[in-house]
Amino acid sequence: MPITITAFERSPDRGRGLARDMRVRWALEEVGQPYDVRLLSFKAMREPAHLTLHPFGQIPTYEEGDLALFESGAIVFHIAERHEGLLPVDANARARAITWMFAALSTVEPPIIEREVAKLLERDETWYEQRLPAVEERVRKRLRELSDRLGEAAWLDGNFSVGDLQMISVLLRLKGSALLDEFPNLSAYVARGEARPAYKRAFAAQRAVFEAASASA
Ligand code: GTB
């Protein structure tokens, strides 16, 4: 059954691979599933045809036969469950990989988003300089805990899994920041993810969309 996902026609991240279709593309590349991409303008994302697929009018979505999904976490989990390569066969190892996936999305990502929102929307507030250190400390705490757990291991729990895919995707939001650089094992972990052929293919595909949009602008 052909798979179609949605992505930004013009991603505000300017091809840096930060929009969440990247997580879905990476998962599909890891399991070797071909896919089509329907590119959407911000206007099209608010139209009924897309709102039927995604109640919040966002990307990414995933269509396969009569199945339609939204939420990148759920989509990536679905891909991992349906195809070999992202979840271990052993039941306990599988449950642990799923746990890391949730940890990435619900424990590590929220303080990182809080920092992004502060930097993007609160910069002109009188209290910005006072608040930022506390926000950054919440991110640092999570990174320190994750760094301690990862230690010198290549991946979070044995072989590369959907847990690593989501954790690295989350950490990539900090790429180039001094915060991530404070933890060399996490920087190396992110670089290991980026070096995977599946990641490179996914990154190149989303980057090509940005380049085509820039060329036609
Ligand atoms: N929880 C949902 C999921 O994981 O699928 C969140 C989906 C989401 O936030 N989608 C964003 C979106 O559609 C794009 S990815 N936004 C448009 C809207 O809400 O109207 C988030 C994103 C956007 C831009 C950057 N960037 O420019 O760096 C990074 C990440």
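The values are calculated or read from the model by the stated rules, or taken from the named source; none is laboratory data. None of these values were measured; they are calculated from a predicted model. Glycine also receives a Cβ, built like all others from the backbone with ideal geometry; neighbour counts cover every protein chain displayed.
What to note about this one:
- For beta carbons closer than 6 Å, sequence separation of 6+ or different chains, a first residue in segment 48-60 that is within 16 Å of GLU9 (Cα to Cα) and in the same structural domain as VAL24 (by TED's automatic domain parsing) and a second that is among the hydroxyl-bearing types (Ser, Thr, Tyr) and within 12 Å of the ligand (Cβ to nearest atom), the qualifying pairs are ILE59/THR6; PRO60/THR6; PRO60/SER72.
- Residue check for ILE75: assigned by TED's automatic domain parsing to the domain that holds LEU146, closer than 30 Å to LEU179 by Cβ and either within 18 Å of the chain's Cα centre (by Cα) or at pLDDT 95 or above (or both): no
- On the stretch given as segment 2-12, residues that are without any contact (Cβ under 8 Å) to a residue 60 or more places away in the chain and in a loop (DSSP other than H, G, I, E, B) total 1.
So that you can scan it fast, the table gives a plain yes or no per residue for (1) within 15 Å of the ligand (Cβ to nearest atom); (2) surrounded by 13 or more Cβ atoms within 10 Å (Cβ to Cβ):
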site: GLU63; (1), (2): yes, yes
site: PHE70; (1), (2): yes, yes
site: GLY73; (1), (2): yes, yes
site: PHE77; (1), (2): yes, yes
site: ASN92; (1), (2): no, no
site: PHE102; (1), (2): yes, yes
site: PRO111; (1), (2): no, yes
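- Qualifying residues in segment 34-61 (those that are hydroxyl-bearing (Ser, Thr, Tyr) and surrounded by 14 or more Cβ atoms within 10 Å (Cβ to Cβ)) - the one farthest from the ligand (Cβ to nearest atom): TYR35
- Here GLU29 passes the criteria (1) assigned to a helix (DSSP H, G or I); (2) more than 15 Å from ALA202 (Cα to Cα); (3) more than 15 Å from the ligand (Cβ to nearest atom) except the one numbered (2).
- Just one of (1) without any contact (Cβ under 8 Å) to a residue 60 or more places away in the chain; (2) part of a helix (DSSP H, G or I); (3) over 21 Å from ARG25 (Cβ atoms); (4) not aliphatic (A, V, I, L, M) fails for HIS78. It is (3).
- Test: ARG16 is part of a helix (DSSP H, G or I) and either among the charged types (D, E, K, R) or at pLDDT below 95 (or both): no
- Hey, ARG14 charged (D, E, K, R), near the ligand (Cβ under 8 Å from one of its atoms) and either under 15 Å from the mean Cα position of the chain (by Cα) or farther than 21 Å from GLU81 by Cα (or both) or not: yes
- The residues of segment 181-202 that are farther than 14 Å from LEU146 by Cβ and either part of a helix (DSSP H, G or I) or without any contact (Cβ under 8 Å) to a residue 60 or more places away in the chain (or both), listed by number, are ASP181, ALA191, ARG192, GLU194, ALA195, PRO197, ALA198, TYR199, LYS200, ARG201, ALA202.
- With respect to the stated conditions, PRO55 fails to be assigned to a helix (DSSP H, G or I) and not polar (S, T, N, Q).
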